[in-house]
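The values are calculated or read from the model by the stated rules, or taken from the named source; none is laboratory data. Computed from a predicted model, the values in this text were never measured in an experiment. All Cβ positions, even for glycine, are placed from backbone atoms using ideal geometry, and neighbour counts span all protein chains on display. With ligands, DNA and RNA removed, areas are computed over all heavy atoms of the protein, side chains included. Shrake-Rupley method; radii C 1.70, N 1.55, O 1.52, S 1.80 Å.
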Amino acid sequence: KAGVTQTPRYLIKTRGQQVTLSCSPISGHRSVSWYQQTPGQGLQFLFEYFSETQRNKGNFPGRFSGRQFSNSRSEMNVSTLELGDSALYLCASSFEQRADTQYFGPGTRLTVL
Amino acid sequence: AQSVTQLGSHVSVSEGALVLLRCNYSSSVPPYLFWYVQYPNQGLQLLLKYTSAATLVKGINGFEAEFKKSETSFHLTKPSAHMSDAAEYFCAVTHGSGNTGKLIFGQGTTLQVKP
């Protein structure tokens, strides 16, 4: 069974641009969670989707948004990029909304110049 | 509210020595606890998890952890370190009722293994 897939793996953007990251969960998984990892703040929860609905949201500004499609694939969007948005963005999927059955993808490394 | 504190951002051991990575948690509800490992430029790999069954949990690659409610701790150990264990390790907590994918992570501990 294929693991969680994230595309692209690496991305370079400039300040003020917007970016969309994609996460394809393990086949059959219906829940996707997103995390931001930075050297200063560590791993922080962004949001969680289950059956196309956002079920939980972390403490991030409104520039960070996401959605989930009917096939459970998820995208997250960051508008008006700032230097501080440079990070590794990780997604994780599970069959239901359960952290104890969650698998992580390899991440997308976003660099904002 | 839940939180995790990992004591020591860097731990260095010799190959063959005991590995001990410390994690203390705070939770107002029964927690589920996890240890993850991250190698450079990779995602998170689950080492082991506590989900309210046995308090001594065995994981992959010879790691184990013991849930101690009285000490609010979930320390990770391995009897004998290998060079391949060098990585960053994260302790995480979530609500023990399940029904959420949200994890609260500690700041991480980088394990260095010296030959």
Largest first, how would B:His75, B:His95 line up by accessible area (1.4 Å probe)? B:His95, B:His75
Residue-level accessible surface for B:Ser3, protein heavy atoms, 1.4 Å, Å²: 50
Enter the accessible area per residue of chain B (Å², integer; probe 1.4 Å; all protein chains in place). 47
At a probe of 1.4 Å, how much accessible area disappears from chains B and A on forming the pair, both sides counted, to the nearest 100 Å²? 1700
Charges at C-beta only: +1 for Lys and Arg, -1 for Asp and Glu. How large is the resulting dipole of region B:7-115 about its Cα centre, in Debye rounded to 20? 200
List the aspartates and glutamates whose Cα sits under 16 Å from the Cα of B:Lys114, skipping any in the same chain fewer than 8 residues away. B:Glu15, B:Asp85, B:Glu88
Those residues in region B:35-59 that give up at least 50 Å² of accessible surface, probe 1.4 Å, once the partner protein chains are present instead of the chain by itself are B:Asn41, B:Leu44
If you count only protein heavy atoms with a 1.4 Å probe, what accessible area per residue comes out for region A:1-46, rounded to a whole Å²? 50
Counting other Cβ atoms within 10 Å of each Cβ, which GluC sites (Glu not before Pro) in region B:27-95 have at most 11 and sit in a DSSP loop? B:Glu71
Shape box of chain B [Cα atoms, principal axes, largest first, Å]: 42, 29, 22
Can you return the lysines within cross-link range of B:Lys102? Criterion is Cα-Cα under 21 Å, with same-chain partners fewer than 8 residues away left out. A:Lys57, B:Lys49
Sulfur and carbon atoms: percent of accessible area, chain B [1.4 Å]: 52
Grab the alpha carbons of region A:59-111, take their convex hull, and tell me the volume per residue in Å³. 106
Taking only C-alpha positions in chain A, Rg and Dmax in angstrom work out to 13.1, 38
Along its principal axes, what span do the Cα atoms of the protein assembly as shown show, with the longest given first and each in whole Å? 48, 38, 35
Between the chain alone and the structure with every protein chain in place, find the residues of region A:84-113 that drop at least 50 Å² of accessible area; heavy atoms, 1.4 Å probe. A:Arg98, A:Ala99, A:Asp100, A:Phe104
